[in-house]
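**Q** Structure below; questions to follow.
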Amino acid sequence: MDGVPAGAARVLVVEDEPQIAETLEAYLRASGFRTERAADGLRALELVRSADPDLILLDIMLPGLDGLEVLKAVRRYGRTPVILVTARSEEVDRLVGLELGADDYVVKPFSFREVVARVKAVLRRSRGEDVSEAVRRVGGLTVDEEKVRASYDGSQLPLTATEFRLLACLAATPGRVFSRAELLERTMPESDALERTVDSHMRNLRRKLIDAGAGELLETVRSIGYRLSEPA
């Protein structure tokens with residue numbers, strides 16, 4: 001397809017404005033990606049199943065099934081990285097999307113080159129590139145940075161790429177308190193997300209740890225940030 005290698009990562013562009021969608025596809029293909037396109041939520045879910053994209057670029061404002069509903073459905077299927085695209089810059093929209101499991105977001109109007117850079121960065125994180133090969137253990141928690149997997153007492157944790165990066169950062173030095181700003185810089189350096197975005201990811205991460213039986217392994221340090229408890 002347009003000279004793009006057969007093994008290139010596939011990006012599903014979910015956007016109902018044809019001109020924006022066509023331009024996004026053109027930039028992505030020029031950067032070596034394969035693309036699929038959907039103009040509504042139902043078609044997007046069909047392509048998630050049939051095309052098995054490596055990343056989804058998902059507009060929130062879609063006809064019929066909106067982007068947040070699509071995101072909920074995608075997260076029921078698995079961990080495919082999702083970047084939300086929104087014309088609404090209100091913080092609540094960003095936080096709601098991230099709480100549902102989005103990996104990043106961009107706000108319209110945007111630079112097409114910036115979107116491509118975000119796609120590359122999220123794919124790097126989801127594949128575990130640029131991380132050490134260490135396997136870290138904190139009590140019953142195991143974080144394998146090479147395989148990009150985390151488990152508690154042998155049960156794998158269903159983490160998004162961003163949640164994994166946050167957990168790996170905290171697990172590197174248990175007991176140390178990380179500020180929200182530091183966690184943003186270490187795990188989402190290319191993002192313009194607000195510090196409160198970290199709280200959204202941490203709520204999801206804490207819930208998943210508790211569901212796995214880890215209790216209060218992840219601690220909130222009031223007015224400062226977060227840390228992983230050191231094992232007794």
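The values are calculated or read from the model by the stated rules, or taken from the named source; none is laboratory data. Every value quoted in this text rests on a predicted model; they were computed, and no experiment measured them. Ideal geometry is used to build each Cβ from the backbone, glycine not excepted, and the neighbour counts take in all protein chains shown.
**Q** From the residues in segment 221-230 that are closer than 19 Å to LEU159 by Cα and touching a Phe, Trp or Tyr at 6+ places or on another chain (Cβ under 8 Å), which one is surrounded by the fewest Cβ atoms within 10 Å (Cβ to Cβ)?
**A** This residue is ARG227.
**Q** Moving on to the next point. List, please: which pairs have Cβ atoms under 8 Å, are six or more places apart or on different chains, and start with a residue in segment 205-232 that is more than 20 Å from LEU184 (Cβ to Cβ) and touching a residue at least 40 places away in the same chain (Cβ under 8 Å) and end with one that is among the basic types (Lys, Arg) and crowded, with 19+ Cβ neighbours inside 10 Å?
**A** Between residues of segment 205-232 that are more than 20 Å from LEU184 (Cβ to Cβ) and touching a residue at least 40 places away in the same chain (Cβ under 8 Å) and residues that are among the basic types (Lys, Arg) and crowded, with 19+ Cβ neighbours inside 10 Å, there is no close pair.
**Q** Turning to a different aspect of this structure: Here are some residues: VAL148, VAL135. Which one is in contact with a Phe, Trp or Tyr (Cβ under 7 Å, 6 or more places away or on another chain) and either modelled with pLDDT under 90 or charged (D, E, K, R) (or both)?
**A** That would be VAL148, the only listed residue that is in contact with a Phe, Trp or Tyr (Cβ under 7 Å, 6 or more places away or on another chain) and either modelled with pLDDT under 90 or charged (D, E, K, R) (or both).
**Q** What's the number of the condition GLY225 fails, among (1) modelled with pLDDT of 90 or more; (2) within 19 Å of the chain's Cα centre (by Cα)?
**A** Of everything listed in (1) modelled with pLDDT of 90 or more; (2) within 19 Å of the chain's Cα centre (by Cα), GLY225 misses just condition (2).
For every residue, the table says whether it meets (1) modelled with pLDDT under 85; (2) within 20 Å of GLY139 (Cα to Cα); (3) in contact with a Gly (Cβ under 7 Å, 6 or more places away or on another chain).
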residue	(1), (2), (3)
MET188	yes, no, no
VAL198	no, no, no
ARG206	no, yes, no
GLU216	no, yes, no
THR220	no, yes, no
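For every residue, the table says whether it meets (1) at positive phi; (2) within 16 Å of the chain's Cα centre (by Cα).
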{"site": "VAL148", "(1), (2)": "yes, yes"}
{"site": "ASP153", "(1), (2)": "yes, no"}
{"site": "PRO158", "(1), (2)": "no, yes"}
{"site": "THR162", "(1), (2)": "no, yes"}
{"site": "LEU166", "(1), (2)": "no, yes"}
{"site": "CYS169", "(1), (2)": "no, yes"}
{"site": "THR173", "(1), (2)": "no, no"}
{"site": "GLU182", "(1), (2)": "no, no"}
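**Q** Same structure, new question: Between a first residue in segment 72-85 that is touching a residue at least 12 places away in the same chain (Cβ under 8 Å) and under 26 Å from PRO109 (Cα atoms) and a second residue that is of a type in the set (Lys, Arg) and in a loop (DSSP other than H, G, I, E, B), which pairs have beta carbons less than 7 Å apart while being 6 or more apart in sequence or on different chains?
**A** From segment 72-85, the pairs are VAL85/LYS108.
**Q** Report the residue count in segment 151-164 for those that are in contact with a helix residue (DSSP H, G or I) (Cβ under 6 Å, 6 or more places away or on another chain) and either at pLDDT below 90 or among the hydroxyl-bearing types (Ser, Thr, Tyr) (or both).
**A** The number of residues fulfilling the criteria is 2.
**Q** Please specify each residue of segment 92-104 satisfying the condition of being touching a Leu at 6+ places or on another chain (Cβ under 6 Å) and either modelled with pLDDT of 85 or more or of a type in the set (D, E, K, R) (or both).
**A** Within segment 92-104, just ALA102 meets the criteria.
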